[in-house]
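Since the structure comes first, as structure tokens, the remarks are kept for the end.
The values are calculated or read from the model by the stated rules, or taken from the named source; none is laboratory data. What you see is a predicted model; the values in this text were computed from it and never measured. Counting neighbours? That spans all protein chains shown, and the Cβs are built from the backbone with ideal geometry, glycine included. The area values use the complete protein model at the heavy-atom level, side chains included, leaving out ligands, DNA and RNA. Shrake-Rupley method; radii C 1.70, N 1.55, O 1.52, S 1.80 Å.
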Amino acid sequence: MERAAFGATAALVIQALAASLAWAAPSIPAYISAAVADSARPAEDKQRDADRKPAETLAFAGVRPGDIVIELAPGKGYYTRLLSVVVGPKGKVYAVGAQPKPDAPPPPVQAIAADPHYNNVTVSLQQIGNLKLPEGVDLVWTSQNYHDLHNIHDVDVAKVNSAFFAALKSGGTYFVLDHAAEAGAGARDTGTLHRIDEETVKQEVAAAGFKLVGESDILRTKSDPHTAKVFDPEIRGHTDQFLLKFKKP
């Protein structure tokens, strides 16, 4: 009877835990679903949605209409477009990137900002090691490029994280998504494999005063050995990635 009672109790505990985890999983608000379904998005972006899971990622980060967002290193603007539509006409997206070389073509995000559909996007090209940012923002967003902060000459990662802390309002969110390195690798692989140990990210961001409030495994890939460059054809688009959500107290 004691064994039976113990088994029943254990089953109830497991059921309760499973229920709490299911409750904690982010639901997808209508405004995020609408942004992902936006007909203005390029076909190339939509083809990547199955791998990148933008709806779940945006929901986890907690971005909402009216938010003021700083996006670091927007690249081709996959998330710039999505963030712009989610925050809407009352929100703002500051796309912050490094100054290009004089003979380099303009970054793709400039064309996005010039599109009336994304008229809440402002491009700011500046020295990453000496950021000048707006204050009172709701969200700082960096996807697949936090590791590159370790690869830019004369950039102090601690100073960058402190700049983000200063830019955010109290209760604001710092969202980091990146390619996972081997556990214990630290920043060893940032310039070669373009990966970083998530524990290193946690430590560096916490040192700036942030509190870790959420983690997500929606982009985890157990089959990734963490030994290949993220651009290698056999792994590209299917790397093991971590999502971390920090808050400014």
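Does Y79 satisfy being outside any helix (DSSP H, G or I) and among the hydroxyl-bearing types (S, T, Y)? In short, no. Within the range 45-62, residues that are more than 11 Å from Y78 (Cβ to Cβ) and open to solvent by less than 30 Å² (accessible area, probe 1.4 Å) have Cβ atoms under 7 Å from residues that are modelled with pLDDT under 95 and in a loop (DSSP other than H, G, I, E, B) in these pairs: A59/P26; A59/S27; F60/P26, counting only partners at least 6 apart in sequence or on another chain. Considering each residue of the range 130-145 in turn, at least one proves to be closer than 20 Å to V69 by Cα, hydrophobic (A, V, I, L, M, F, W, C), without any contact (Cβ under 8 Å) to a residue 40 or more places away in the chain and crowded, with 19+ Cβ neighbours inside 10 Å. Out of (1) assigned to a helix (DSSP H, G or I); (2) closer than 21 Å to R236 by Cβ; (3) open to solvent by less than 20 Å² (accessible area, probe 1.4 Å), the odd one out for D148 is which? It fails just one condition, (3). Considering the conditions (1) over 15 Å from K248 (Cβ atoms); (2) open to solvent by 10 Å² or more (accessible area, probe 1.4 Å); (3) outside any helix (DSSP H, G or I); (4) touching a residue at least 40 places away in the same chain (Cβ under 8 Å), S170 is excluded by exactly one of them, (1).
Reported count of residues in the range 173-207, each being within 17 Å of the chain's Cα centre (by Cα), of a type in the set (D, E) and open to solvent by 10 Å² or more (accessible area, probe 1.4 Å), is 4. F210 meets the conditions (1) surrounded by 15 or more Cβ atoms within 10 Å (Cβ to Cβ); (2) modelled with pLDDT under 95 in every case but one. The failed one is (2).
Considering (1) in a helix (DSSP H, G or I); (2) open to solvent by less than 20 Å² (accessible area, probe 1.4 Å); (3) out of contact with any His (no Cβ under 9 Å at 6 or more places or on another chain), the lone condition that S162 does not fulfil carries the number (2).
Of the set (1) of a type in the set (A, V, I, L, M, F, W, C); (2) part of a loop (DSSP other than H, G, I, E, B); (3) in contact (Cβ under 8 Å) with a residue 60 or more places away in the chain, all apply to F175 but (2).
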